[in-house]
Amino acid sequence: MQVTVRNEVVKVAVGLIPSAGNASWGGITGDIYQQADLIALINSGITGGLQWVQIQSSQSAQAGFGYFVNANSLCSIALPASSTVGSRFIVRREGSANWRITQGVGQQILAGDLATTTGVTGRVESLELGCTIELVCKVANQVWTVINSYGNFDMV
């Protein structure tokens, strides 16, 4: 497996990385988070990177964050009400329950040639463990686009 840190590819053997711990690669030190095929270096203080947090309940997303959703019931994550073009966040399902990205008035999510219904009835929902989605703001405060995803989703 390979991990990229500051555009430098570091080869690692998954069996040698603890599920939690501390590591240093290329002068960057941070905490390791490993779940199946995902390895993340969090709390590293890398400028421009995302700050990763684990959540178990519904909340509003914040640009610049990555969310490991480890919930026992549906976890709704609202698009940020205020966002600038280029803002981004990532959501990954870790627990037994789906996550759902909800929208506010006038907001919409685009994914290739698909689009959610504009406004509060539109949403994207994970359908399986490991579902991961990365969204970037395309139109300030209103339109988000999927630039990376893994797994199966429901878009309404």
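The values are calculated or read from the model by the stated rules, or taken from the named source; none is laboratory data. Predicted, not measured: the structure shown is a model, and the values here were computed from it. Here the Cβ positions follow ideal geometry from the backbone for every residue, glycine too, while neighbour counts run over all protein chains shown.
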What tally of residues in segment 146-156 results from selecting those that are surrounded by 15 or more Cβ atoms within 10 Å (Cβ to Cβ) and either at pLDDT 95 or above or of a type in the set (A, V, I, L, M, F, W, C) (or both)?
3
Please work out which one of (1) closer than 20 Å to A63 by Cβ; (2) modelled with pLDDT under 95; (3) not hydroxyl-bearing (S, T, Y) is the condition Q107 fails and give its number.
(2)
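Taking segment 66-90 on its own, how many of its residues are under 20 Å from V139 (Cβ atoms), within 14 Å of the chain's Cα centre (by Cα) and of a type outside the set (K, R)?
7
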Residues that are assigned by TED's automatic domain parsing to the domain that holds Q56, assigned to a strand (DSSP E or B) and of a type in the set (D, E): does segment 103-121 have at least one?
no
Near pairs, Cβ below 6 angstrom, 6+ apart or cross-chain, from segment 131-142 (free of Cβ contacts under 8 Å to residues at least 60 places away in the same chain) to any residue that is among the polar types (S, T, N, Q) and part of a strand (DSSP E or B)
I133/S149; E134/N148; V136/T145; K138/T145
Within segment 53-67, tally of residues that are farther than 24 Å from Q107 by Cα and either free of Cβ contacts under 8 Å to residues at least 24 places away in the same chain or surrounded by 17 or more Cβ atoms within 10 Å (Cβ to Cβ) (or both)
1
Looking at segment 129-145 only, could you name the residues that are closer than 9 Å to I109 by Cβ and either touching a helix residue (DSSP H, G or I) at 6+ places or on another chain (Cβ under 8 Å) or surrounded by fewer than 18 Cβ atoms within 10 Å (Cβ to Cβ) (or both)?
T145
Could you give me the residue pairs with C-beta distances under 7 Å whose first residue belongs to segment 85-99 and is in a strand (DSSP E or B), whose second residue is of a type in the set (K, R) wherever it lies, and which are 6+ apart or on separate chains?
W99/R93
